[in-house]
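Single-structure report; data block below.
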Amino acid sequence: MRLTIRLDPDVHAMAQSLAKAEDCSISAAVNQLLHRALALGNGDAGSPQGAGRRRNGLLVSPGRMPVTADVVRGVEAEDDVA
């Protein structure tokens, strides 16, 4: 099914990062993210990102920017230079 949607910039960055890491299209990445969210079924879909949620027993920080694979690679590259 073909559908045009507008994603928030942070959601787009997350989907784009996942697509690059998984070597798949952004559509496939968005599908993966939606399936994961639906599988959780914990009702947090409407809450602010990470606010008061736990994942693997750890409290998830309600950070302002998602940590993507690109962010991690950038930090690692900075460490290599130093």
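The values are calculated or read from the model by the stated rules, or taken from the named source; none is laboratory data. Computed from a predicted model, the values in this text were never measured in an experiment. All accessible areas refer to the heavy atoms of the entire protein, side chains included, with ligands and DNA or RNA removed. Shrake-Rupley method; radii C 1.70, N 1.55, O 1.52, S 1.80 Å.
Calculate the translational D of the chain in whole µm² s⁻¹ from Stokes-Einstein, where the hydrodynamic radius comes from the Kirkwood formula applied to all Cα pairs, the temperature is 20 °C and the viscosity 1.002 mPa s.
148
For Arg53, which sequence-distant residues (separation of 5 or more, or a different chain) have an amide H within less than 5 Å of its own amide H, given hydrogens modelled in the peptide plane?
Long-range HN contacts for Arg53: Val60.
Roughly how many percent of the accessible protein surface of the chain is carbon and sulfur, given a 1.4 Å probe and a whole-percent answer?
55
Excluding ligands, DNA and RNA, what is the solvent-accessible area per residue of the chain at a probe of 1.4 Å, expressed in Å²?
85
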